[in-house]
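Below is one structure; the comments refer to it alone.
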Amino acid sequence: MADAEYVRARPHSALARYVRGYTGYREFSVAPVRRRQAPSGSCPLILSFGDPIRLDGPAGPTAPASFLAGLHDGAVITEFTGSQHGMQVDLTPLGVFALLRRPMPALTNLAPRLDELDDPGLAALPGRLAEDPGWPQRFARLDRFLVSRLLADAAGRPDPEVAWAWGRLVRSAGAVAVAELAVGTGWSRRYLLTRFRSQIGLAPKPAARVLRFERAARSLVPDGPGNGSGRPSDVVLAEIAAACGYADHSHLVREFRALAGCTPSEYRAEWADS
């Protein structure tokens with residue numbers, strides 16, 4: 001276990017559609033700290049004040065400091081030794097689209113460095129945050145930056161129909177059929193798929209799969225790193241599978257192998273030790 005400090009804050013209420021939360025962090029470990037980051041409905045924006053972190057995911061190994069990840073449908077392994085210090089903004093894919101104003105499939109399963117995104121204001125943000133005297137001032141700066149970038153220009157925002165469809169999937173943890181989403185938007189299934197994928201990064205069905213898996217993973221390790229230990233029983237897994245809409249325990253295990261690259265027992269054990 002690394003020596004660590006985590007400070008969490010809620011974003012401005014106007015950002016609710018675009019930002020899930022803020023975390024300030026400081027960690028130090030003389031031994032390598034390795035974590036498995038399973039797919040979820042969040043797109044982490046990492047604003048580092050110091051050393052790079054090693055990533056190994058669907059796009060291969062990289063070692064960025066500050067970066068923005070698109071939606072993933074495969075696990076990413078993070079690893080560092082020494083210190084980590086910075087802030088994490090958990091953006092929704094709608095938030096990433098509104099921030100960058102570019103087709104989201106270009107970021108799917110990728111985590112480009114901020115200086116690769118052709119956005120000088122975003123690239124300069126980590127340095128400005130590092131100069132602030134404390135977490136409250138940093139959270140306030142994040143609010144100002146994101147409100148100005150995400151809410152100022154209505155022309156750069158996602159389609160209301162896409163935002164509605166994404167919201168339905170999130171609230172149901174992926175338990176909404178594509179046909180129902182198409183009816184709700186008033187679009188054809190083909191047009192919904194095209195617009196949704198362009199602004200979210202995944203088509204509705206794989207996005208629903210990720211959101212359903214996120215619910216299952218959180219049910220298995222409800223309090224995150226350092227909580228939960230031992231091998232989950234078949235009864236527990238069967239209950240999680242039923243609650244999350246999987247056919248059975250075996251279906252849940254297959255999804256863990258496909259999306260997290262490990263079994264539920266391995267996933268829980270890793271997070272308990274991290």
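Throughout, read-outs are computed from the coordinates displayed, never taken from laboratory work. As the structure is a computational prediction, the values presented were derived from the model and not from experiment. As a convention, Cβ positions derive from the backbone with ideal geometry for all residues, glycine included, and neighbour counts pool all protein chains shown.
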(request) Just the Kirkwood number for the chain, please: inverse of mean 1/r across all distinct Cα pairs, in Å, one decimal. (result) 19.4 Å
(message) Once R0 is set to 35 Å, what does the formula 1/(1 + (r/R0)^6) return for the Cβ-Cβ distance between V235 and R189, expressed as a FRET efficiency to the nearest 0.05?
(response) 0.35
(request) Would you work out the relative contact order for the stretch 1-160, in percent, from Cα pairs under 8 angstrom that are 6 or more residues apart? (result) 26 percent
(request) Taking the Cα atoms of the stretch 89-135, report the difference between the largest and smallest coordinate on each principal axis, in whole Å and largest first. (result) 37, 20, 17
(message) So if the hydrodynamic radius of the stretch 157-207 is defined as the Kirkwood radius over C-alpha pairs, what does Stokes-Einstein give as its diffusion coefficient at 25 °C and 0.890 mPa s, in µm² per second?
(response) 235 µm²/s
(request) Give me the distance between the Cα centres of the stretch 122-177 and the stretch 60-104, rounded to whole Å. (result) 13 Å
(message) Taking 10 °C and 1.306 mPa s as the conditions, I'd like the Stokes-Einstein D for the stretch 3-154 in µm²/s, using the Kirkwood hydrodynamic radius from alpha carbon pairs.
(response) 101 µm²/s
(message) Below 12 angstrom from the Cβ of W164, what's the summed charge of the other residues (Lys, Arg +1; Asp, Glu -1)?
(response) +1
(message) Within a 10 angstrom radius of the beta carbon, how do M87, M104 rank from fewest other beta carbons to most?
(response) M104, M87
(request) Rank these for me by crowding, C262, C244, going from fewest to most other beta carbons within 10 Å. (result) C262, C244
(message) For the stretch 129-171, what are Rg and Dmax over the alpha carbons, in angstrom?
(response) 14.9, 41
